[in-house]
Amino acid sequence: MKQEIEQAIVAAVKELFDVDESAELSRPDEQFGDYSTNVALRLAKQFGKNPREVAEQLSVKLRENLGDRVIDISVAGPGFINIRLSDATLLTGLTSSGQVPNTGKKILVEYSDPNPLKPLHAGHLYTTLVGDVIARLVESSGAETIRLNYGGDVGLHVGKSLWAIVRQLGGEYPEKLDEIPEPERPAWLGARYVEGNDAYEDDETAKAEIIAVNKKVYGLHETGDRDSAFAHVYWTVRQWSYEYFAHLYDQLGVVPFDRFIPESEVTALGTQTVKEHTGSVYQESEGAVVFDGEAYGLHTRVFINSEGLPTYEAKEVGLLETKWNDYHFDKSIVITANEQAQYMQVVFKSIEQFQAEPISRTTHLTHGFVKLTGGIKMSSRKGNIVSALDILEVARAAGAKSGRTPDETVTLAAVKYAFLKNRIGADIVYDPEESIALEGNSGPYLQYAHARARSILRKSENQQGGLTDLEADERMLVRKLTEYPEVIAKAAQELLPHLICTYLYELAQTFNRFYENNRVISDPREASRLQLVTLYANTLKDGLGLLGITAPESM
RNA sequence: GUACCCGUAGCUCAGCUGGAUAGAGCGAUGGCUUGCGGAGCCAUAGGUCGUAGGUUCGAAUCCUGUCGGGUACACCA
């Protein structure tokens, strides 16, 4: 429907002015019509003509070409062309299937990326939820979607944790780990990381020992050691971490990852590649291997440190190569926090020097921090962090406080929607009470709106159908419903999940306005209206589904 | 010091590939109410879009400066 009209405009422009000009339709205020275009304004600028005259000429041509598919085409304001569709045309928009522009393409989405032996904080929750939705969106656009999870099972943070773990155990005694009850393991590991981190900063002896432990861990991977006492400790606590991650993902109800790529898996490849290009792309400097980003307006970073160990940068090189070798992707999306933005630019710029193609297909999205309302600030150091599970806890507490019976489905909807409704990029302020509230722009509100619509449908035993000759209020709702595929397409194209949230909330408002003044059951137009309610409920359910939020039949 | 992100109503945010009177939610005030789930609907108040310039017929949107908040800048991830 939309494409048809866009094509008609392009054709009319070609016919009248003999130029190829794209014509993008936007959704104007209801008073102006169903669609609007500003091509006349752009053409007028191009040719130095009066925009209103151009618009008039175009609208005459469009009326001829579109015939009875439209009921009104008018010129307004500085030179907009507003188009009002006939009911019949508008209604075709309800049945048009969603676009699948990425059919046949392979798209990788990397997100969540927790590090074993480190606590999961609220930021991980954010990237996990955003990534889950981006992947769902990409999938809905027809692409073969591969969900990747990259995590640091080697590196200095592992050295810190492991140093503290061995110390706590009184030596390399893996059997002592069995004494720690399963539920306490995440917190126990978190505490060890904090100890290790503190010791590294405050104690020179400990620092040296931690560096040695770090090296030892790399050694385990190089030699394939799984049998020594030290190896037992390492592999056991590493496994604990992965179990803990799985537990969180399971609780969140996110789509399972297709593959976990631990850093240890890409270390060798990354190191080798950096070494191969040392002297050309990378340079030796002060005993380390660096990339001189300053030549490109960026900053310089170390890829292999003076201990001869690869840093995160070199591993990232190995990761990208692994992705490219294993998948030959059409597009690769990486989602991390803002703080990694400039670091990633340096890494990508360096890889671009010898592997331009995969870099040109890679998009790095970044998001801000999660703050709790009331000024509780989170620091990733010293252990006073808000963990991912804490967020769920405060949401549950807010739900309990509101006097309703706690329901995990509603809690999850509250948290997910609160995190997703803002545009990715800036920091977000999480307000548990607002998120769980049933009034206002919240996840539970939309769940409720859906349940309410289903309830109407359950109550009627009559047939539905015959949606024609729309009344004004019905038409408003139909118009809003036809926006859905356009919103999804845009959200998928621009990787902006919050567009779905905004739309669903507006849809619910549109429905409530309709419902306020119009009966459904035992109205002469019951059959038509039942169908409208069905379409509305299905759209809500589908949209919430893309957000990873379930839509219960009743609540 | 250099770079990146952010600055829109009291609060939390949409709007940003320039376009028609800047929109929501929460909070405030006032209505609707024997309602198919009112967890709603309607209305009022509240904004010189941080600020100063520039480009343009037209700027919240683009450019430059500036102020404020955050982040990154060599061997952490």
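The values are calculated or read from the model by the stated rules, or taken from the named source; none is laboratory data. Just so we're clear, the structure is a prediction, and the values are computed from it rather than from any experiment. Counting neighbours? That spans all protein chains shown, and the Cβs are built from the backbone with ideal geometry, glycine included. Quick note on the areas: whole protein, heavy atoms, side chains included, nothing else; ligands and nucleic acids left out. Shrake-Rupley method; radii C 1.70, N 1.55, O 1.52, S 1.80 Å.
Structure notes:
- Here A:Y417 passes the criteria (1) under 24 Å from A:N338 (Cα atoms); (2) out of contact with any Leu (no Cβ under 8 Å at 6 or more places or on another chain) except the one numbered (2).
- Count of the range A:92-107 residues which are assigned to a loop (DSSP other than H, G, I, E, B), more than 27 Å from A:R361 (Cβ to Cβ) and open to solvent by less than 80 Å² (accessible area, probe 1.4 Å): 1
- Selection status of A:S112, open to solvent by 40 Å² or more (accessible area, probe 1.4 Å) and assigned to a loop (DSSP other than H, G, I, E, B): no
- Filter result (within 34 Å of the chain's Cα centre (by Cα) and either crowded, with 20+ Cβ neighbours inside 10 Å or within 12 Å of RNA strand B (Cβ to nearest atom) (or both)) within the range A:195-220: A:G196, A:N197, A:N214, A:V217, A:Y218
- When residues of the range A:427-453 are limited to those that are touching a Lys or Arg at 6+ places or on another chain (Cβ under 9 Å) and open to solvent by 30 Å² or more (accessible area, probe 1.4 Å), the one farthest from RNA strand B (Cβ to nearest atom): A:E433
- Total residues in the range A:319-345, condition within 12 Å of RNA strand B (Cβ to nearest atom) and either buried (at least 22 other Cβ atoms within 10 Å of the Cβ) or among the basic types (K, R) (or both): 1
- Scanning the range A:155-189 for residues that are away from RNA strand B (no atom under 14 Å from the Cβ) and under 28 Å from A:A268 (Cα atoms) returns A:A164, A:I165, A:V166, A:E172, A:P174, A:L189.
- If you check A:A418, A:A400, A:A413 for being more than 11 Å from RNA strand B (Cβ to nearest atom) and closer than 18 Å to A:H498 by Cβ, only one passes: A:A413.
- Unmet criterion (only one of (1) outside any helix (DSSP H, G or I); (2) within 16 Å of RNA strand B (Cβ to nearest atom); (3) open to solvent by 10 Å² or more (accessible area, probe 1.4 Å)) for A:H124: (1)
- Positions within the range A:64-86 being among the hydroxyl-bearing types (S, T, Y) and either touching a Gly at 6+ places or on another chain (Cβ under 9 Å) or within 12 Å of RNA strand B (Cβ to nearest atom) (or both), in sequence order: A:S74
- Only one of A:I456, A:I424, A:I521 that is more than 19 Å from the chain's Cα centre (by Cα), open to solvent by 30 Å² or more (accessible area, probe 1.4 Å) and near RNA strand B (Cβ under 10 Å from one of its atoms): A:I521
Yes or no, residue by residue, for (1) under 30 Å from A:G548 (Cβ atoms); (2) out of contact with any strand residue (DSSP E or B) (no Cβ under 9 Å at 6 or more places or on another chain); (3) at pLDDT 90 or above:
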{"residue": "A:L58", "(1), (2), (3)": "no, no, yes"}
{"residue": "A:S74", "(1), (2), (3)": "no, no, yes"}
{"residue": "A:A88", "(1), (2), (3)": "no, yes, yes"}
{"residue": "A:V109", "(1), (2), (3)": "yes, no, yes"}
{"residue": "A:Y126", "(1), (2), (3)": "yes, no, yes"}
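- Residues of the range A:40-71 classified as of a type in the set (D, E, K, R), surrounded by fewer than 14 Cβ atoms within 10 Å (Cβ to Cβ) and within 39 Å of the chain's Cα centre (by Cα), total: 1
- Some residue of the range A:289-305 being open to solvent by 50 Å² or more (accessible area, probe 1.4 Å) and either under 30 Å from A:K416 (Cβ atoms) or in a strand (DSSP E or B) (or both): yes
- Members of the range A:294-318 found to be more than 8 Å from RNA strand B (Cβ to nearest atom) and either in contact (Cβ under 8 Å) with a residue 40 or more places away in the chain or of a type in the set (K, R) (or both), listed by number: A:Y296, A:F303, A:A314, A:E316, A:V317, A:G318
Quick grid of which residues meet (1) part of a helix (DSSP H, G or I); (2) away from RNA strand B (no atom under 14 Å from the Cβ):
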residue: A:E21; (1), (2): no, no
residue: A:P28; (1), (2): no, no
residue: A:Q46; (1), (2): yes, no
residue: A:L62; (1), (2): yes, yes
residue: A:A88; (1), (2): yes, yes
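- The condition of being of a type outside the set (D, E, K, R), within 16 Å of A:G155 (Cα to Cα) and open to solvent by 40 Å² or more (accessible area, probe 1.4 Å) does not hold for A:A231.
- Within the range A:502-510, none of the residues are within 30 Å of A:I333 (Cβ to Cβ), outside any helix (DSSP H, G or I) and among the acidic types (D, E).
- Only a single item in (1) at pLDDT 90 or above; (2) more than 30 Å from A:K160 (Cβ to Cβ); (3) β-branched (V, I, T) is not met by A:T95, and it is number (1).
- Subset tally (residues that are open to solvent by 40 Å² or more (accessible area, probe 1.4 Å), free of Cβ contacts under 8 Å to residues at least 60 places away in the same chain and not in a strand (DSSP E or B)) for the range A:244-283: 10
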